[in-house]
Ligand SMILES: Cc1cc2nc3c(=O)[nH]c(=O)nc-3n(C[C@H](O)[C@H](O)[C@H](O)COP(=O)(O)O)c2cc1C
């Protein structure tokens, strides 16, 4: 393949990677193309210091983009070799993906490719339809393949306790004016290409309301109900709690989300009891020994959710020296 052809192919795959979810839709990633590799960097200018002081969710978001890149590569007929944090002296270089001959093992990932475009974060009510044990088992396996654990909270009392922690997390976050200001800062008109979108007309009002008023109890009550009535409430967790673990969690999360989409499911995030550091050990006690990274609510719905915006590729691809 000529250098120009490779550049074109790499850009196309990065275009699929950036469709990954990210906290507050910050899209905290940068890519550098160099034959035959694509390097993935953390873009710390897009960090959320109040919501995510350690950059844990930033790394998970980048892990989701990495999974999309792997799926796009498999679907384009490449085999890949992924090295996480390949240069310890360069901690923002999160992964180096080397592209080579296709190997049969990646064909299962290629089957997830259609769902890269179709996956959405779903924030409405699910249909009252059970998620079967066989489907839950497939999602658990997807997490395990990426070195993470998906632990369904199936005992009613565990679910209730997790739901109460979600509401407490909402109350604590909304009571913090710095947290509200950070959230408001990421509420933007769609044309900006990132953030949580509001229409150009309402964005200033929405930002003002979020910045100024503590809506924790109303939102907490809604989120508590979502957790209590969730067809499948499950904790994604990892054995460790370092950068590598967060990148594994991100890849596992995206693998679960793509598979869920393929199985006709939708997913929502209820991460408050993980984001609030003092609540995290309490959720951990419900979900085994491992470190909780993401709390997911998964179910069926008939509603189509419109896609959220993404930044232009030229903004996320940095030139190779
Ligand atoms: C690590 C991570 C944490 C997230 N946390 C939340 C959350 O707490 N609440 C929420 O509603 N969405 C959460 N999201 C979803 C993002 O807001 C969403 O991915 C983003 O707005 C882009 O929308 P999309 O997923 O529909 O493409 C999270 C996503 C990631 C990757």
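Any read-out appearing in this document is the output of simple, stated calculations on the displayed coordinates, not a laboratory observation. Not measured: the values here are computed from a predicted model. Methodologically, a virtual Cβ is constructed for each residue, glycine included, from the backbone with ideal geometry; neighbour enumeration extends over all protein chains shown.
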* Structure fact -> For the chain, the longest principal axis of the Cα atoms and the Cα long axis of helix 243-262 enclose an angle in degrees, to the nearest 10, of 80 degrees
* Structure fact -> Here the gain from full extension of residue 157 to residue 221, 0.36 nm per residue of separation minus their alpha-carbon distance, amounts to 21.3 nm
* Asked: Kirkwood Rh, Cα Rg: Rg to Rh for region 155-240?
  -> 1.07
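Within 10 Å of each residue's Cβ, count the other Cβ atoms and sort 180, 207 from fewest upward.
Final ranking by Cβ density, sparse to dense: 207, 180.
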* **In degrees, nearest ten, helix 156-174 long axis to first principal axis of the chain (Cα)** => 90 degrees
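Please arrange 243, 1, 13, 215 by counting, for each residue, the other beta carbons lying within 10 Å of its beta carbon, fewest first.
Fewest-to-most Cβ neighbours within 10 Å comes out as 1, 215, 243, 13.
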* To do: Give the order of 64, 261 when sorted by the count of other beta carbons within 10 angstrom, beginning with the fewest.
  => 261, 64
* **Two-decimal log10 I(q)/I(0) for the chain, as the Debye equation yields it once each C-alpha is a single scatterer, q = 0.08 Å⁻¹** => -0.35
* Could you give P(r) for region 11-168, binned at 5 Å from zero, as whole percent values over all Cα-Cα pairs? -> 2, 8, 14, 18, 20, 16, 11, 8, 4, 1, 0
* Asked: Taking only Cα atoms, what is the 0 to 90° angle, nearest 10, from helix 56-75's long axis to the longest principal axis of the chain?
  -> 50 degrees
* **Chain lengthening between residue 313 and residue 89 when straightened (0.36 nm per residue, less Cα-Cα)** => 77.9 nm
